[in-house]
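The values are calculated or read from the model by the stated rules, or taken from the named source; none is laboratory data. Owing to the predicted nature of the structure, the values given are computational and were not obtained by experimental measurement. All Cβ positions, glycine included, derive from the backbone under ideal geometry; neighbour counts span all protein chains shown.
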Protein chains: 2
Amino acid sequence: MPKATPVHRQITLADIASGCGVSRATVSLVLRGSPLVNKNTRARVEAELKRQGYVYNRAAANLRRRTSSSIALVINELGNPYFAEFAAGVDEALGKAGFVTLLGSTGESAVREQAVLGSLMEHGPGGIILSPAEGSDARQVLTTVGPHVPLLLFNRELDDEVTEINHWDVLALDNVHGARLATQHLIELGHRRIAFFGGHRDSSSCRQRREGYQQAMRDAGLPIEPRWLIESSPTRLEAARQAGALFAVDPAPTAAVCYNDAVALGLMLGLNQRGRHPGHDFAVTGFDDIAEAEVSVPPLTTLATKPRERGRQAAELIIQRLHHPNTKATRTIAPVQLVVRESSCPPIVTP
Amino acid sequence: MPKATPVHRQITLADIASGCGVSRATVSLVLRGSPLVNKNTRARVEAELKRQGYVYNRAAANLRRRTSSSIALVINELGNPYFAEFAAGVDEALGKAGFVTLLGSTGESAVREQAVLGSLMEHGPGGIILSPAEGSDARQVLTTVGPHVPLLLFNRELDDEVTEINHWDVLALDNVHGARLATQHLIELGHRRIAFFGGHRDSSSCRQRREGYQQAMRDAGLPIEPRWLIESSPTRLEAARQAGALFAVDPAPTAAVCYNDAVALGLMLGLNQRGRHPGHDFAVTGFDDIAEAEVSVPPLTTLATKPRERGRQAAELIIQRLHHPNTKATRTIAPVQLVVRESSCPPIVTP
DNA sequence: CTGAAAGCGCTTACAG
DNA sequence: CTGAAAGCGCTTACAG
């Protein structure tokens, strides 16, 4: 591993100490703001620190104190604006609390995730915020992060048993409620044949959103045709390709609750290619409220999940956990909010 | 600072050593893949490492060896998809090379930038990739990062003198050429009155893009009306507000080369609000090719800057620098590519 | 209020 | 091929 690189001669406590005729211990006390040290001594030391341009070596301090001042943030895909916003929120809140963010991106691969977690662990993070990659396995995660570092799961859940035993905290979106809101909204507009479009059945968030959709349909006494539950990778391209599946059943649905915004945007693209006009003769809803949702054509009705706020929240939760390692694990369900835009049109009345 | 948090009793080299009856030195040699150690000894040690679930403490190793295995990435605004993609590229390439990314987001504030750099420095990064915030000052940056840690400037340049003296590397986009391409393209479509819209004059990238625009106009023998050079914050909202400034001069321009995509999208919004139809009676170009550019209405003609590739490139450049600290500083100009879409319409012919 | 000493977990000459 | 010893830059009882 050629990952090491020699570093220039550093200015240390010893330099400062000899520079103003005190011991290293005294300088350390000044640095840590101890009230024990004499005012004049403190002033002299501080002047010397400034004069020599001293930079605190937090790694050394952490080693000695057996503490950590970093939190690892492991994310499916930073290029996804949803996770980028989340990361921005995490970093903002961690920075405010004096922690540094160790970043790791997994590209939605469980294998990469293992590698990234392993590498980050060697840097001794005080805690980990993990948005698991698809197919990520709780037991494997446990093997590489060990039972002692606090972990917060975001966005996707892992095996409940492992999560509970290890007191992993969970921050989840209110997926069931969100999908329910979207479905109810379409029903109120007059839609009767509503599909659920996109996502993989084995992802927890997809299952939860489907559940909300089904609840709303059942509550309204509407039938759910199994072929209206259409899977696709949660990407725009895949969704566009799958659009045709909506019309495999006759009569076809007049609306689709989509797994997320990427899928919804892709579906709208696919509909256009088939001569359908989302927002006119077909209604679509998304999930996430990414920036594009507002400016797409037509503007997308969706559920705002406020990823930046979620990021701040995640940071606060993990910091909480660091301060109280032995309290019960928490399961936080973040609210989501329906944002109505033009993509959710009323159905065409067919005679 | 309550940023420290006690960490659980760690498994150390000493545990492994006593666990299989060798010295710590031998275990260390095994870990570092030294050929000096006996095959059987190695096997025994490796088994013990696995058995005890040993996790390498890279911070301790770095302290002893006076090396670093991290690179700091300081970015204006992670929420901006352009920088998010850049960060994803950086993290990907750094991870491959065995480095961990220390993330810092400045929110486009020079004051925050100082704080973030200071905090990151305490974690001893081997190098820094910095995309300076607006108004960032080279001398201040120098004061807090010191003269010894390699720095790569991305996206925005700082005082040339300071940059040169400290051998800071620079990775810049070919802004002049890009803006020139966009302007020439509009000219070829028949536009004669072309504005340059958005950006702040005191940012280097804005100056360079204006320069490219002016070159193209001059080369085509077209006049540049000073009031066609319109400033705005590089955000969608500000740009939408400034749209009216285009029509302060009579005759008004029929096209605008925009500072970037965010500005271009905002301008299109502003034009729509004034009853103008970008892509029909007004042409617009952007810069960056963010994801929205492709799906906006009309789709935006712009310059692809491939931020993820740029991120990988930045990571490679800084790693180069770590390995060769004393070679001359580099100035890399990354190519940009014109992407033609419907927003760049021909002008309406007025009789 | 200040200093001498031990130790965090690792690495690296140096002996053997 | 393996081990004893010193040291990276810091902190923290413990004396004084």
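Residues of the stretch B:52-60 include at least one that is modelled with pLDDT of 95 or more and within 8 Å of DNA strand D (Cβ to nearest atom).
For B:Gly98, the requirement of being within 16 Å of DNA strand C (Cβ to nearest atom), in contact (Cβ under 8 Å) with a residue 60 or more places away in the chain, within 23 Å of the chain's Cα centre (by Cα) and within 7 Å of chain A (Cβ to nearest Cβ) is not met.
Can you find a residue in the stretch A:5-13 that is among the basic types (Lys, Arg), more than 14 Å from DNA strand C (Cβ to nearest atom) and within 43 Å of the chain's Cα centre (by Cα)? For the stretch A:5-13, residues among the basic types (Lys, Arg), more than 14 Å from DNA strand C (Cβ to nearest atom) and within 43 Å of the chain's Cα centre (by Cα): present. Would you say B:Val111 is out of contact with any Phe, Trp or Tyr (no Cβ under 6 Å at 6 or more places or on another chain), within 7 Å of chain A (Cβ to nearest Cβ) and of a type in the set (A, V, I, L, M, F, W, C)? Spelling it out, it is not the case that B:Val111 is out of contact with any Phe, Trp or Tyr (no Cβ under 6 Å at 6 or more places or on another chain), within 7 Å of chain A (Cβ to nearest Cβ) and of a type in the set (A, V, I, L, M, F, W, C). For the residues A:Val30, A:Val100, the requirement of being out of contact with any Pro (no Cβ under 6 Å at 6 or more places or on another chain) and within 21 Å of B:Gly95 (Cβ to Cβ) singles out A:Val100. Restricting attention to the stretch A:54-80, the residues that are among the aliphatic types (A, V, I, L, M) and at the interface with chain B (Cβ under 7 Å from one of its Cβ atoms) add up to 5. In the stretch A:81-95, the residues that are more than 7 Å from chain B (Cβ to nearest Cβ) and in contact (Cβ under 8 Å) with a residue 40 or more places away in the chain reach residues that are aliphatic (A, V, I, L, M) and outside any helix (DSSP H, G or I) with C-beta atoms within less than 7 angstrom, at least six apart or across chains, in these pairs: A:Tyr82/A:Ile290; A:Phe83/A:Ile75; A:Val90/A:Leu73; A:Val90/A:Ile129; A:Leu94/A:Ile71. Residues in the stretch B:151-161 include none that are within 14 Å of chain A (Cβ to nearest Cβ), surrounded by fewer than 24 Cβ atoms within 10 Å (Cβ to Cβ), of a type in the set (Asp, Glu) and free of Cβ contacts under 8 Å to residues at least 40 places away in the same chain. For first residues located in the stretch B:13-29 and of a type in the set (Gly, Ala, Ser), partners that are near DNA strand D (Cβ under 7 Å from one of its atoms) and in a loop (DSSP other than H, G, I, E, B) and lie 6+ apart or on another chain with Cβ distances below 7 Å form the pairs B:Ala17/B:Ser23. With respect to (1) touching an Asp or Glu at 6+ places or on another chain (Cβ under 8 Å); (2) modelled with pLDDT of 95 or more, the lone exception for B:Ala133 is condition (2). Filtering the stretch B:24-37 down to residues that are modelled with pLDDT under 90 and either more than 6 Å from DNA strand D (Cβ to nearest atom) or within 21 Å of B:Ala59 (Cα to Cα) (or both), which residue is farthest from the other protein chains (Cβ to nearest Cβ)? Top of the filtered list is B:Pro35. Looking at the stretch B:285-317 only, could you name the residues that are within 13 Å of another protein chain (Cβ to nearest Cβ) and within 17 Å of B:Ile75 (Cβ to Cβ)? Passing the criteria: B:Ile290, B:Lys306, B:Pro307, B:Arg308, B:Glu309, B:Arg310, B:Gly311, B:Arg312, B:Ala315. Condition first: acidic (Asp, Glu) and farther than 28 Å from A:Leu151 by Cβ. Can you find one or more residues in the stretch A:261-270 that meet it? No, every residue in the stretch A:261-270 fails to be acidic (Asp, Glu) and farther than 28 Å from A:Leu151 by Cβ.
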